[in-house]
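Following: one structure in structure tokens, then a few remarks.
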Amino acid sequence: MDTPVQSFAVANLRRRPVVVEAGGFVVGFDPDTTSPYINYATPLLGAAPTGSDVAALVAAFRERGLKPRLEFAPDGAPAVEPALRAAGFTVEAVHEYLVCTPGSLRMPQADGASGPVVETPDSDADYSAVDAALAEAFSGEFASSPEGANRLRRNQESGGAVRFVRAPDGSCAGGATCSAPAVGTSELAGVGTRPAFRGRGIAAAVTAALAEAMFHKGADSVWLEYSGDGSRRVYERIGFHPQGTRLYMSLES
């Protein structure tokens, strides 16, 4: 059973500025954005929702003008997917996730003196640069904004971590974030490198640095999802291994 990852999903959503608990689900909302990748729900471990429970979940989204959406490890709550399908939810994606532990982490070896230097942002300009770089890296999937930069800062200041590699012009070449540990684990997300700087080991460097930072904070493991075989190989080289899957489901209007 994917207990640590699903337990983390619940604990992490309870950190959102607005939290709603309905029918065995936890929903996390951030009033600063309408992004479905930030405003979503996850079930409690072992949840077995009824039709009324799912209706209450949908209502929590609809009253805010948001698309009902969930992210969860299905093995942690096997009864949830059938209940959601019965209510009209469909699968957006199924992602495999990888896990790293202190014993498996392998810090990447830089090629000479030109290897990427990983930094922690320490100014508004740095946070804005990281936000802008990640927006570019993910091909406009989300727009860079002051709110996005503020979320990065809040994450860093609340026990998580943000790391980046600076470009020659002082901007950000690539970076990533890691949520503060909860229930012994931490999620590493948003690993992105601007197209002009790819192939230089930036993703491996920031990922390893973030995992190491979380282990220093007491996490027993760090987990992440990958977007393709190329990124999977990067993560496996520094000590991440397949562990389970996460399911993404939503309800269209």
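Brief remarks on what is shown
- Angle between the chain longest axis and helix 202-216 axis [Cα atoms, degrees, rounded to 10]: 70
- Percent RCO, i.e. relative contact order, over the chain, from Cα pairs under 8 Å lying at least 6 residues apart: 25
- On the principal axes of its alpha-carbon atoms, the stretch 50-131 has extents of 60, 35, 19 Å, going from largest to smallest.
- Residues in the stretch 85-209 average 47 Å² of solvent-accessible surface per residue, probe 1.4 Å, ligands and nucleic acids excluded.
- Fully extending the segment from Arg198 to Arg62, taken as 0.36 nm per residue of separation minus the present Cα-Cα distance, adds 45.0 nm.
- Contact order normalised by residue count of the stretch 13-124, Cα under 8 Å, 6+ apart, percent: 19
- A cut-off under 13 angstrom between Cβ atoms defines the neighbours of Asp122, and their net charge, with Lys, Arg +1 and Asp, Glu -1, is -1.
- Pair Leu105, Thr3: separation of 7 Å Cα→Cβ label points (nm): 2.4
- Principal semi-axes in Å for the stretch 170-223 [√(5λ), Cα gyration tensor, largest first]: 24, 9, 8
- Largest-first ellipsoid semi-axes for the chain, taking √(5λ) over the Cα gyration tensor eigenvalues, angstrom: 32, 20, 16
- Cα-based Rg of the stretch 16-77 normalised by 2.2 N^0.38 Å, two decimals: 1.05
- Gain upon complete extension [Ile38, His95; 0.36 nm per residue less C-alpha separation]: 18.8 nm
The values are calculated or read from the model by the stated rules, or taken from the named source; none is laboratory data. Not measured: the values here are computed from a predicted model. When we count neighbours, we look across all protein chains shown, and the Cβ atoms used for this are built from the backbone with ideal geometry, even at glycine. Areas reflect the complete protein model, heavy atoms only, side chains present, ligands, DNA and RNA absent. Shrake-Rupley method; radii C 1.70, N 1.55, O 1.52, S 1.80 Å.
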